[in-house]
Amino acid sequence: MSHYALTLHELAAKLSRREISSVEVTESVFGRIAATDERLHSYLALCRESALQEARQADERLKSGGDCPPLTGVPVALKDIFITRNVPTTCASKILGNFVPPYDGTAVRKIKESGAVILGKTNMDEFAMGSSTENSAFVVTRNPWDTERVPGGSSGGSASAVAADQCIAALGTDTGGSIRQPAACCGIVGLKPTYGRVSRYGVIAFASSLDQVGPMTKDVTDCALMLEAVAGKDPCDSTSVDVPVPAYASQLHGGVKGLRLGMPKEYFIPGIQAEVEKSVKDAIRLLEKNGVEVVEVSLPHSEYAVAVYYIIATAEASSNLARYDGMKYGYRAPAKDLTETYMRTRQEGFGPEVKRRIMLGTYALSAGYYDAYYLKAQKVRTLIKRDFEAAFRKCDVIITPTTPTTAFKIGEKTQDPLQMYLSDIFTISVNLAGLPGLSLPCGFDGNGLPIGMQIIGKHFDEATILRVAYAYEQATEWHKRKPKL
Amino acid sequence: MKITREEVRRVALLARLQLTPEEEELLTGQLDAILSYMETLDRPDTEKVEPLAHAVDLVNAFREDRVVHEPQAEELLANAPAKENSFFKVPKIIE
Amino acid sequence: MAFEPVIGLEVHAQLLTESKIFCGCSTRFGEAPNHNTCPVCMGFPGVLPVLNKKVVEFAIRAGLATHCEIARYSQWARKNYFYPDLPKGYQISQYELPLCRNGFIEIETGGAKKKIRLTRIHMEEDAGKNIHEARGDFSLVDLNRTGVPLVEIVSEPDMRSAEEASAYLKSLRAILQYLEVCDGNMEEGSFRCDANVSVRPAGSSEFGTKVEIKNMNSFKAVEKAIAHEIERQIATLSEGGKLVQETRLWDAEREVTRSMRSKEAAHDYRYFPDPDLLPLVVDDKWIGEIQASLPELPEARKARFIAEYNLPPYDAELLTSRRDVADYFERAVKTHANPKALSNWVMGDLFRVIKERRLDNALRIADWPVPPEYLAAMVKMIDEGKISGKIAKNVFEQMLERSEPPEKIVRDQGLEQVSDVSGIEKAIAEVLTANAQQAADYRAGNEKIFGFLVGQVMKATRGKANPQVVNEVLKKKLETT
């Protein structure tokens, strides 16, 4: 097996036994990228020189023996939403096309401190607004299982890179499903941790009350290792929470006996692709065989989630994106006066979806509409959160499909924003309630496209989610399948 | 109609977006469809429900009043579209 | 028709923290442009604010000192608008749930006391500075001030004249200075004031059309601008004209207000709770601790000075207008209990020196030109007859130069007052001999000449003779010889 195809935990073991070097594996991954990225376009930028430098340092460290941090020498990819000092960070937007940040974000700093080698920055929907990565200002990323299809989004570049072995693991962000949905589309594991679990400092904000950083990996063990590396309270993020970070990877083996698994009836409804529904139900049955108790739960306000989400997320975004005004950094359009400079800069700098959402959010906050839209949405958000609180009194985890369908075709939904928004129907509530949610592969459809299953947990109970996911993964072979490239 | 073209224009000015007439028209239609979809929110009873601004119940995060400063003016100004000495240079502001 | 002005003030006071409200940058004034900045206060992508605890403490101090209710739960909000000095495109402020509400302060004008109610005090971040180049088609932006903490203090429209507005502003400033939360410097912009002015027919309870006045950079400007605006509004209405709700700028040179060109877009700030900052919860314990640490405030201190030191209200007002002056005075009184004499020296000679040396620019005078103990010792020497009032002026000047205790100066230079009769008699005898004609005139009934003779004796003793003793002895000599 080629080095690039290794999982993180396999690689870490080989590195620590010094069976291979970080430079070898990094070279191998760059080779894989060179061979495949012309077709996939997972990456926006590569850091070949600095990565090899970091790999050499990792090898020195490994050679010297002693304690090495857990990701020493492991090549990882970062969604281009992560602020990286001296490495261009565009958020897949023309407005940040020439932006080179003067600082590192917290998750980036932590992953570097864990010893990781940074390969480069992956493609995404502009400002994380989208579910297909078609909204990148630069390039459309392709699904490694079928290059005519989208990899999902907004962390589509990271998902595609992991699925195609163009990295060992990656970081993404998830505001309404942007880790889990592309993970499902690309047949990998993706976790959105509890809101507050990972610092948002240095992550370009889309919707501040919903954004969360998470791992995108080849299997559940890798996911646990990556989460350990980035989780924890950060004094730079007031909304990060001071809850101890468990050693997730060492708690995977506890089994699932006695756990109660909730099946929300509102998530198994007409309109879902039949193969998706069947795969998820099969998965639940398998877990039942392994000792979980399945209970039906109800999340009655789920039907409002998309509406609530698109008001809150766009309102916050309209404010978060006001800083891109052509004054301090980024693109500035030539214009005759100040107002025109603002208007043209933002007109030319933002793509259509971003403008659409800024418009929607601005409208929802504007005088006379605030109560009818924003305040109303915040109230229904309370109801959605309460639904989950009630459900979690009956169960330990909730299982749903991650997406209603497998990956759709490029261009299929670009003309109808509302249809695109509805592809996040199963993931959005989790962000609104601030809960952790993980997607892992649970089958393939007739076209050979991966199907994802979502496991939702209680606040800060990522450990239980990972345990269930691990038990399922151990009993199946889905995660071992690779796309033919 | 949930939103008129006139309102689209007003919102675009608030958001500082110079829309083309075609974009105005397209957005009026799309926003109207999206806002109509939002009407579903009129169904649940929210009379006595508190709005939720934060997903996790937390209060009070403070830092101490200490100067922590890494001098980096040059680096911070490096991305400026235009600058003069160590000022940002911007189109003339008329009050 | 008679009109009644209605005035409300909005004050922005910079808080005297070391670091900014949401990042670790220094609040120091006068650095090179954009050097007191970091990614956070410059609004770089990905940054997040973290609240400086001191800011909350200072705002609570201000709230308690102005009799406000302190909200146990308050919230941060974003105020959205585009301007080059606002790097995030929004200002972090408080909107629906401010920290302090429903307070008041007391003012006194023309001997009458009045309560001015405060609507609210909330915390927010300051913006940067735009510099408008006269030539060229560009402006320059310095973000050093961005993120300096402010409190905005909003009054009810309770003032009825420019004098009341000025008195309110002065009281408010004195309170903030006493609390040591703001240095109150209007010229440098750390204490800024906007006024809402309207007029209405006397006796009416409805409000007239409100005009906001900005750009008033001194107390004098506030008084003049408001007085001018009242006149303008009355004149307009009297001529049958109509007022428009607008913002006007005070032009200090021409002493007029002029209309600001209306902004291109109507204001719609789209306030909403800031998701990056947590709700602020203040408990009774914290409030209690802050309450306990509050100093005696100007009003209370003034009243006490009148009662305890028997000072005239004028003296008490002046001495308590600054906390450091009042402290100085009380230290002096502790050393020597002659409050009125000390008050005269402080208000006279000491204030003159403070003005000359511009020491009052600082919130707190650290190095007094003359320590209070020295001043008190000097007054004590006067009271004990050791030096005359005239010599004391000399001693005071020397204390300024040398910062030595008055006893030493008097001793070293032999400035003690001569009170022993024998020495004075000797001098008188000499004077009477030298001025025999004048002595004869006096005896002949020209009493006016007495003063001249006293002067001659004082001259002969180089001012050190006790004038009272001189008077007595000279009179006796002239009458008995």
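The strands (runs of 3 or more DSSP E) falling completely within the stretch C:97-198 that include 1 or more residues that are among the hydroxyl-bearing types (Ser, Thr, Tyr) and out of contact with any strand residue (DSSP E or B) (no Cβ under 6 Å at 6 or more places or on another chain) map to C:100-109.
Looking only at residues in the stretch A:342-356 that are surrounded by fewer than 24 Cβ atoms within 10 Å (Cβ to Cβ) and facing another protein chain (nearest Cβ under 7 Å), which one is nearest to B:Leu14 (Cα to Cα)? Checking each candidate, the answer is A:Met343. Against the list (1) surrounded by fewer than 19 Cβ atoms within 10 Å (Cβ to Cβ); (2) within 23 Å of A:Ile358 (Cβ to Cβ); (3) at the interface with another protein chain (Cβ under 7 Å from one of its Cβ atoms), the condition B:Leu58 fails is (2). Test A:Ala51 against the stated conditions and say whether it is outside any loop (DSSP other than H, G, I, E, B) and closer than 28 Å to C:Val47 by Cβ. Here the answer is yes, as A:Ala51 does meet what is asked.
Are any residues in the stretch A:207-217 in a loop (DSSP other than H, G, I, E, B) and either within 13 Å of the chain's Cα centre (by Cα) or aliphatic (A, V, I, L, M) (or both), and if so, which ones?
A:Ala207, A:Leu210, A:Asp211
Would a scan of the stretch C:91-109 turn up a residue that is aromatic (Phe, Trp, Tyr) and surrounded by 20 or more Cβ atoms within 10 Å (Cβ to Cβ)? Scanning the stretch C:91-109, I find no residue that is aromatic (Phe, Trp, Tyr) and surrounded by 20 or more Cβ atoms within 10 Å (Cβ to Cβ), so the answer is no.
Applying the condition of being outside any strand (DSSP E or B) and open to solvent by 70 Å² or more (accessible area, probe 1.4 Å) to the stretch C:207-237 and asking which residue is nearest to the other protein chains (Cβ to nearest Cβ) yields C:Asn217.
Which of the residues that make up the stretch C:162-195 are open to solvent by 30 Å² or more (accessible area, probe 1.4 Å) and farther than 24 Å from C:Leu294 by Cα? Once the filter is applied, which keeps residues that are open to solvent by 30 Å² or more (accessible area, probe 1.4 Å) and farther than 24 Å from C:Leu294 by Cα, the stretch C:162-195 yields C:Glu163, C:Glu187, C:Glu188.
Each residue in the stretch A:96-114 was checked for being open to solvent by less than 10 Å² (accessible area, probe 1.4 Å) and in a loop (DSSP other than H, G, I, E, B), and 4 of them qualify. Just so you know, in the stretch B:50-79 the residues that are in contact with an Asp or Glu (Cβ under 8 Å, 6 or more places away or on another chain) and of a type outside the set (Lys, Arg) include one that is farthest from C:Pro87 (Cα to Cα), and it is B:Asp65.
Looking at the stretch C:308-318, which of the residues that are assigned to a helix (DSSP H, G or I) and open to solvent by less than 20 Å² (accessible area, probe 1.4 Å) is nearest to C:Glu69 (Cα to Cα)? So that I can check it myself, show each step before the final result.
The initial filter retains those residues of the stretch C:308-318 that are assigned to a helix (DSSP H, G or I), namely C:308-309, C:313-318.
So of that shortlist, the ones also open to solvent by less than 20 Å² (accessible area, probe 1.4 Å) come out as C:315-316.
Numbers: C:Asp315: 33, C:Ala316: 29 Å.
Of everything passing the filter in the stretch C:308-318, C:Ala316 is nearest to C:Glu69 (Cα to Cα).
You will find that of C:Phe351, C:Phe329, C:Phe305, the residue that is out of contact with any Gly (no Cβ under 9 Å at 6 or more places or on another chain), in a helix (DSSP H, G or I) and farther than 29 Å from C:His67 by Cβ is C:Phe351 and no other.
Would you say C:Glu472 is out of contact with any helix residue (DSSP H, G or I) (no Cβ under 7 Å at 6 or more places or on another chain), surrounded by fewer than 15 Cβ atoms within 10 Å (Cβ to Cβ) and not in a helix (DSSP H, G or I)? Here the answer is no, as C:Glu472 does not meet what is asked.
Here A:Glu60 meets each of (1) crowded, with 16+ Cβ neighbours inside 10 Å; (2) part of a helix (DSSP H, G or I) with one exception, condition (1).
Can you confirm whether the stretch A:142-151 contains a residue that is within 14 Å of another protein chain (Cβ to nearest Cβ) and either under 18 Å from A:Val117 (Cα atoms) or assigned to a loop (DSSP other than H, G, I, E, B) (or both)? Reasoning before the result, please.
Of the stretch A:142-151, the ones within 14 Å of another protein chain (Cβ to nearest Cβ) are none.
No, the stretch A:142-151 has no match at all.
Within the stretch C:238-257, the only residue that satisfies the criterion of being surrounded by fewer than 14 Cβ atoms within 10 Å (Cβ to Cβ) and among the hydrophobic types (A, V, I, L, M, F, W, C) is C:Val244. Is the stretch C:21-29 home to any residue that is open to solvent by 10 Å² or more (accessible area, probe 1.4 Å), more than 9 Å from chain B (Cβ to nearest Cβ) and not β-branched (Val, Ile, Thr)? Looking for residues that are open to solvent by 10 Å² or more (accessible area, probe 1.4 Å), more than 9 Å from chain B (Cβ to nearest Cβ) and not β-branched (Val, Ile, Thr), one finds at least one in the stretch C:21-29, hence yes. Of the helices (runs of 4 or more DSSP H) entirely within the stretch A:357-459, none holds at least 2 residues that are open to solvent by less than 10 Å² (accessible area, probe 1.4 Å), away from every other protein chain (no Cβ under 14 Å) and in contact with a helix residue (DSSP H, G or I) (Cβ under 8 Å, 6 or more places away or on another chain).
Does C:Thr66 count as in contact with an Asp or Glu (Cβ under 8 Å, 6 or more places away or on another chain), away from chain A (no Cβ under 13 Å) and hydroxyl-bearing (Ser, Thr, Tyr)?
no
Being part of a strand (DSSP E or B) and open to solvent by less than 20 Å² (accessible area, probe 1.4 Å): is that true of C:Ala62 here? In short, no. Could you check, for the stretch B:21-37, whether at least one of its residues is more than 7 Å from chain A (Cβ to nearest Cβ), outside any helix (DSSP H, G or I) and either over 20 Å from C:Gly89 (Cβ atoms) or touching a residue at least 12 places away in the same chain (Cβ under 8 Å) (or both)? No, there is no match, as no residue in the stretch B:21-37 is more than 7 Å from chain A (Cβ to nearest Cβ), outside any helix (DSSP H, G or I) and either over 20 Å from C:Gly89 (Cβ atoms) or touching a residue at least 12 places away in the same chain (Cβ under 8 Å) (or both). Is it fair to say A:Val29 is touching a residue at least 24 places away in the same chain (Cβ under 8 Å) and crowded, with 20+ Cβ neighbours inside 10 Å? When the stated conditions are applied, A:Val29 passes them.
Of the residues that sit in the stretch B:3-18 and are more than 7 Å from every other protein chain (Cβ to nearest Cβ) and farther than 15 Å from A:Gly361 by Cα, which one is most open to solvent (accessible area, probe 1.4 Å)? Among residues in the stretch B:3-18 that are more than 7 Å from every other protein chain (Cβ to nearest Cβ) and farther than 15 Å from A:Gly361 by Cα, the one most open to solvent (accessible area, probe 1.4 Å) is B:Glu6.
Entry remark, the stretch C:121-141: residues being touching a residue at least 40 places away in the same chain (Cβ under 8 Å) and either basic (Lys, Arg) or more than 23 Å from B:Asp65 (Cα to Cα) (or both) number 5 in total. Report yes if A:Gly120 is buried (at least 24 other Cβ atoms within 10 Å of the Cβ) and in contact (Cβ under 8 Å) with a residue 60 or more places away in the chain, otherwise no. When the stated conditions are applied, A:Gly120 passes them.
Here's a check for you: in the stretch B:68-86, which residue that is closer than 30 Å to A:Arg197 by Cα and open to solvent by 70 Å² or more (accessible area, probe 1.4 Å) is farthest from the other protein chains (Cβ to nearest Cβ)? Selected residue: B:Glu70. Of the numbered criteria (1) over 25 Å from the mean Cα position of the chain (by Cα); (2) surrounded by 23 or more Cβ atoms within 10 Å (Cβ to Cβ), the one A:Tyr310 fails is (1). Just one of the listed residues (C:Pro39, C:Pro5) is within 12 Å of chain A (Cβ to nearest Cβ) and crowded, with 20+ Cβ neighbours inside 10 Å, and it is C:Pro39.
The values are calculated or read from the model by the stated rules, or taken from the named source; none is laboratory data. Computed from a predicted model, the values in this text were never measured in an experiment. Ideal geometry is used to build each Cβ from the backbone, glycine not excepted, and the neighbour counts take in all protein chains shown. These area figures cover heavy atoms from the full protein model, side chains too; ligands, DNA and RNA do not enter into them. Shrake-Rupley method; radii C 1.70, N 1.55, O 1.52, S 1.80 Å.
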